[in-house]
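J.: Take this structure first; my questions come after.
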Amino acid sequence: MRNIQIEVFYDPFCVDSAEADFLLSAALDKNLEDKKFGTRKVRDLVQVHYHMFSLPYLHASWIPAKAFQYVSLQCEEKPYECKF
């Protein structure tokens with residue numbers, strides 16, 4: 001069971017979001033030693049929710065953020081057909 005939840009808000013065209021994603025991915029890929037379960041990745045212990053949130057001053061990011069919402073909803077409805 002994943003008791004730890006992380007909510008991540010990204011702007012598709014924000015440089016800081018891209019840098020934060022790199023750091024978050026690196027942290028989630030770290031190995032943890034556990035006496036009971038052995039070696040596991042942090043990613044196996046937490047649940048991450050990604051939200052595309054276009055910043056108001058980056059007008060070009062609104063359409064990709066809406067497209068991401070549409071694609072993610074399609075993947076939730078039909079996960080076996082999702083290729084993303």
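J.: Only bridges with both residues in the chain count here: give the DSSP antiparallel percent, nearest 5.
T.: 35
J.: What is region 4-81's relative contact order, in percent, from Cα pairs under 8 angstrom and six or more apart in sequence?
T.: Normalised by residue count, the contact order of region 4-81 is 37 percent.
J.: Separate question: Once you put a point 7 Å from the Cα of Val42 and another 7 Å from the Cα of Trp62, both along the Cβ direction, what distance in nm separates them?
T.: It works out to 3.5 nm between the two label points.
J.: Taking the Cβ of each residue in Leu32, Leu55 as the centre, tally the other Cβ atoms inside 10 Å and list the residues starting with the fewest.
T.: Leu32, Leu55
J.: Under the Karplus relation 6.51 cos²θ - 1.76 cosθ + 1.60, θ = phi - 60°, what is the ordered set of whole-Hz ³J(HN,Hα) values for region 17-22, x standing for Gly and Pro?
T.: Per residue, the Karplus-derived 3J(HN,Hα) values read 5, 5, 5, 5, 5, 4 Hz.
J.: What are the residues whose amide H is under 5 Å from the amide H of Ser54, where those residues sit 5 or more places off or on another chain and H is modelled from the backbone?
T.: Amide H neighbours of Ser54, under 5 Å, 5+ apart: none.
J.: Also, I was wondering about something else. Determine the calculated [θ] at 222 nm for the chain from helices alone, applying -39500 (n - 2.57) to every DSSP H run no shorter than 4 residues and normalising by the residue count; nearest 500 deg cm²/dmol.
T.: -11500 deg cm²/dmol
Throughout, read-outs are computed from the coordinates displayed, never taken from laboratory work. Here the structure is a predicted model, which is why all the values come from computation and not from measurement. For neighbour counting, all protein chains shown are included, and Cβ atoms are generated from backbone atoms with ideal geometry for every residue, glycine included.
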